[in-house]
Amino acid sequence: MSTVCAQCQVELRQRDVRLRYLGVEFTVGLPACPVCGQVYISEEVAHGRMREVEEMLESK
Amino acid sequence: MDQAELRALEDRCVQDCPPSCTAACPAHLDVRGMMSAVADGRLAEALALVRAAVTLPVAVALTCDQPCRPVCLRGEHGDALMVRAIERACVALPATAPRGRRPPRRRGSVAVVGGGLTGIAAAQELAGKGCRVTLLERTGRLGGGVWSALPQASGTVVVAGAAGSPAAAVEAELAAAVSDVTVSYAEAITAGDLPALRAAHDAVILAFGVDDPGCLATALGSTGPERVSGATEIPGVFAGGSLTRASSGWSAVTSMADGRSLAVSVRRYLEGVSLTAGREGEGAGRSCLHVERSAVESAAAAPPADPQAGYDATEARREAGRCLQCACLECVKACVFLQRYGSYPKQYVRQINNSLILSPGMGYRASKTMIDSCALCGLCAAVCPHDLNMGEVCLDARRELVEKGYMPPAVHDFALHDMAQANGADFSCARHQPGAAASAFAFYPGCQLPASRPGEVRAAYEHLASRLDGGVGLLLGCCGAPAQWAGRESLAAEATAQLRASWETLGRPQLILACPSCQKTLMESAPEIPAVSLWEVLDEVGLPSGCGAAAVAVGGSPVVAVADPCAARDTPAVRAAARHLIARAGFELVELPWSGARTECCGWGGLQVIVDRQLTQATVARRVAEDPHDYVAYCAMCRDLFAGSGKRAWHLVDLLFGGPMFGDPALPGPRLTERQQARARFRRDLLRNAWGEDGDPRAQDDSTQLEISDEMRQKMDDELIGEDDLAAVIAASERSGRRLLDSATGHCLGHARRRLVTLWVEYSPLGQGRFAIHDTYTHRIEILDDEATEGRVGP
Ligand code: SF4
Ligand code: SF4
Ligand code: SF4
Ligand SMILES: [Zn+2]
């Protein structure tokens, strides 16, 4: 992974990130800055896993 | 709509009704399916269909009196299908090994009196279900009426792959049918024998032919057996067959079907369940299927080269190919959306009904995209023989989802936001004509046309102001159609209230509408506001002097095809005025195959394009392929969607108010995400020029300038991301310094929450407030513990 936090100048590391959609909160492992916590969601993840979860929750 | 109403709607669709041939067949043989299989060379499948409906297929294939043929709709376009000959071609197939499994012996001993086709079929059915069956036949030969019917089919026949005489083939079939049945060639049974027979068995079937010698008929009482079940006055005794029918002559298929039906009655009797429930459809009847046949060409039957031998596989294939495959599907043929989901309204309504009412929320997944992607255009109702309107069903379902909180807010968010902008300070306004203190009329061009054709709209306004007395005010805003379509009734009511208030400030003028969707919406939501279409007014007050320049510019008297918008389906006066104006502007006009009351939607309707862009592309592709001439639309969204697909399309205002600067039919209109800015610009320019109003209170912030490739603009539009969205995210991430960096490319990646999505932008600063955009995407899920998104940006 060549993505770094521009502010802290460190490489991202996987951490548990809290997400929310349609009132449901859940935790997913995502790359994030270990110093300031900034999260990275790539287009691949956004249009892949994230969309699947969105569709699942929307069909509830 | 409650469940009963939905059920009633479902019942209106007749696509499930059997075609005429099947309805007329006492055994309900799937003739259409058989023909389709034979025509495709799938003979074994066709044979399976015959066997599924007919207990004695050889006897039927050789002697059936074909009640299906007089009602076969092909008969009105050539000759009725040669149904029996096709059945014969099916039973000629080499036999497959008989299914081995014996049914378990179950309770029940049944006596069947009469060894004709009725009795044999009943006996075989019951034996197959595990009953102990005794078949009593007085003549010493099974088959009854079949032997006198058989000579018609003399010669050699091929059955199950082997050639032989017809009699031998039938003989073999009947023998096989009674292999599990005890056959007793007894003396004739008389009425006096009945009590003893009944006492010895759990049930008795009287299946005697026309020439009942034992006067058993007297046992049936004066009214005869019950029509559906064949039950007689004696419990457990059922009667059917030729004697009970007043019909003309013996019929193999009727006799056989009677036998099957009696077997069903006996099984129900033995199980102690209702004899008649759910059996209304049994037996021959009439079809309620609607079959559109205006384009059917006549085709005569193709008899077999050798009538003795019957059809060979190739001949059968050709003959079966003449079947019309009777079906309704009128709406499905008309609508790309209905085609998309692979079924037809009866099934769709049932699905929606199930997911909404039977298990609210739970089944939503299956039907949600369907419910949300209908264009609500009403074409289905216009072509349906029973006026079933899927648009109403889908709109109602949307309202219910919204009301119950099951509609994901993000689905229509873009359109609702767009509407809010059009009804906000950027666009909405009400003005008397410059210099006037009152308005007898007010021009209401809608929210889309001013974005697409600002110059022409302004010219139209000035023309109206010059021709009409009493003052022509200007009203800008959105009628609320997007909220209506999204199923958000309260939002729609707010939009109506806002329009009503503006209308009142202008002194309740008559509105002149340029958008057919506004007109349709206001007729329903604000019928007290007098409104008329721009086209009718122009047709009356006359055209501007420069009118016709467009026609001249493209040379001669150019031919155009008029594309009616779906919102004008029920306003013939508007459609007539549009045609009149096109002709007056010097164009020659041709009609599209789908026009007038049967016109198609472009995909903007119902917000389809927001929910399912690809579906709209398919809808538009079909629409623009209907005619090679330039199209003329009088709905801004029709025009822009057609042109966006590469079709040359004019808006009617181009033809009428064209000067040197008329709209180019070849150029696409503003993108969905560019319309807000375009309509804001229209308002600013018009108010400055015509009313001398300076300085927009919310002048645009042009400090951030973006360099965006065409490809990226297309992607933005597909994902409904606006340029202002990108600018807001970049500004926020530049301000806070919180962004990611791709160390390989040096690109920055910022993100922020915008409305109901998290928006990511990959960009590079170019200096002096300029940025190059490399990529952008969104997701609806919100990131919680991430400071970058905590402060949301913008609305
Ligand atoms: S054309 Fe085919 S489907 Fe229609 S009635 Fe005749 S056999 Fe049946
Ligand atoms: S037009 Fe459509 S909805 Fe109407 S009966 Fe035919 S298939 Fe059913
Ligand atoms: S898009 Fe139009 S024709 Fe198709 S189902 Fe919806 S309302 Fe009916
Ligand atoms: Zn950091």
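Rule-based calculations on the coordinates, nothing more; no lab input. All values reported here derive from a predicted model rather than from experimental measurement. Methodologically, a virtual Cβ is constructed for each residue, glycine included, from the backbone with ideal geometry; neighbour enumeration extends over all protein chains shown.
Tabulated results
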{"item": "Extended-chain gain in nm, criterion 0.36 nm per residue less alpha-carbon gap, B:Ala52 and B:Arg12", "result": "11.5 nm"}
{"item": "Nearest-0.05 FRET efficiency for B:Ala295 and B:Asn354, computed from C-beta distance (R0 56 Å)", "result": "0.95"}
{"item": "Estimated inter-spin distance, B:Leu93 and B:Glu711, nm [label 7 Å along Cα→Cβ]", "result": "5.4 nm"}
{"item": "FRET efficiency, B:Ser736 to A:Glu55 (Cβ-Cβ, R0 25 Å, nearest 0.05)", "result": "0.20"}
{"item": "Peptide-level mean, for A:30-39, of C-beta atoms on other protein chains within 10 Å", "result": "4"}
{"item": "Per-pair calculated FRET efficiency, R0 = 51 Å: B:Gln3 and B:Ala172 via Cβ, rounded to 0.05", "result": "0.45"}
{"item": "Stokes-Einstein D in µm²/s, Kirkwood radius over Cα pairs - region B:549-661 at 10 °C with 1.306 mPa s viscosity", "result": "112 µm²/s"}
{"item": "Dmax and Rg, reported as Rg then Dmax, of the protein assembly as shown (C-alpha, Å)", "result": "36.7, 113"}
{"item": "Lys/Arg +1, Asp/Glu -1 at C-beta; the protein assembly as shown dipole; positive extreme among B:Leu589, B:Leu766, B:Ala48", "result": "B:Ala48"}
{"item": "Of the GluC sites (Glu not before Pro) in region B:2-51, those whose Cβ has at most 12 other Cβ within 10 Å and which sit in DSSP loop", "result": "none"}
{"item": "Residues B:Phe443, B:Phe208 arranged by fewest to most Cβ contacts within 10 Å", "result": "B:Phe443, B:Phe208"}
{"item": "Estimated [θ] at 222 nm from DSSP helical runs (n ≥ 4, -39500 (n - 2.57)) normalised by residues in chain B, nearest 500", "result": "-11500 deg cm²/dmol"}
{"item": "Cα pair count fraction exceeding 17 Å, expressed as % - region B:331-407", "result": "38 percent"}
{"item": "Lys/Arg +1, Asp/Glu -1 at C-beta; chain B dipole; positive extreme among B:Gly378, B:Ala578, B:Pro516", "result": "B:Gly378"}
{"item": "For region A:13-58, convex hull of alpha carbons as volume per residue, Å³", "result": "67 Å³"}
{"item": "DSSP bridge orientation in chain B - percent antiparallel, rounded to nearest 5", "result": "35 percent"}
{"item": "Options B:Gln66, B:Gln325, B:Phe238, ranked by Cα towards positive dipole end of the protein assembly as shown, top entry (Cβ charges)", "result": "B:Phe238"}
{"item": "Peptide B:737-748 - average C-beta neighbours from other chains (10 Å radius)", "result": "4"}
{"item": "Exercise: per-residue mean of other protein chain Cβ atoms within 10 Å, A:3-11", "result": "4"}
{"item": "Fully extended contour minus Cα-Cα distance, from B:Cys288 to B:Ala438, at 0.36 nm per residue", "result": "48.1 nm"}
{"item": "Charge dipole (debye, nearest 20) of the protein assembly as shown; +1 at Cβ of Lys and Arg, -1 at Cβ of Asp and Glu", "result": "1640 debye"}
{"item": "Stretchable slack from B:Leu784 to B:Ser545, in nm (0.36 nm times residue separation minus alpha-carbon distance)", "result": "79.8 nm"}
{"item": "Chain B, Rg to Rh (Cα coordinates; Rh as Kirkwood inverse mean 1/r)", "result": "1.14"}
{"item": "Mean separation of Cα contacts under 8 Å (6+ apart) over length of chain B, as relative contact order %", "result": "10 percent"}
{"item": "Table column - 3J(HN,Hα) (Hz), region B:731-746, Karplus curve with 6.51, -1.76, 1.60, x for Gly and Pro", "result": "4, 5, 6, 5, 5, 8, x, 8, 6, 9, 9, 8, 5, 6, 9, x"}
{"item": "Hz values of 3J(HN,Hα) by residue in region B:252-268 - Karplus curve (6.51, -1.76, 1.60), Gly and Pro given as x", "result": "4, 6, 5, 4, 4, 5, 4, x, 4, 5, 5, 4, 4, 4, 5, 4, 4"}
{"item": "Evaluated over region B:139-198, the Cα radius of gyration and Dmax, each in Å", "result": "15.5, 47"}
{"item": "Electrostatic dipole magnitude of chain B [Cβ: Lys, Arg +1; Asp, Glu -1; Cα centre; debye, to 20]", "result": "1620 debye"}
{"item": "In nm, spacing of pseudo-spin labels at B:Arg42 and B:Ala302 (7 Å Cα→C-beta vector)", "result": "2.0 nm"}
{"item": "Rounded to 5, percent antiparallel among DSSP beta bridges of the protein assembly as shown", "result": "50 percent"}
{"item": "Hz values of 3J(HN,Hα) by residue in region B:712-728 - Karplus curve (6.51, -1.76, 1.60), Gly and Pro given as x", "result": "5, 4, 5, 4, 4, 5, 4, 9, 6, 9, x, 4, 5, 5, 4, 4, 5"}
{"item": "Region B:1-153: equivalent-ellipsoid semi-axes (sqrt of 5 x gyration tensor eigenvalues, Cα, Å)", "result": "31, 24, 17"}
{"item": "Relative contact order (percent, whole number), region B:331-407, Cα cutoff 8 Å, 6+ residue spacing", "result": "29 percent"}
{"item": "Simple label model, 7 Å out from Cα along Cβ direction - A:Phe26 to B:Arg107, nm", "result": "5.2 nm"}
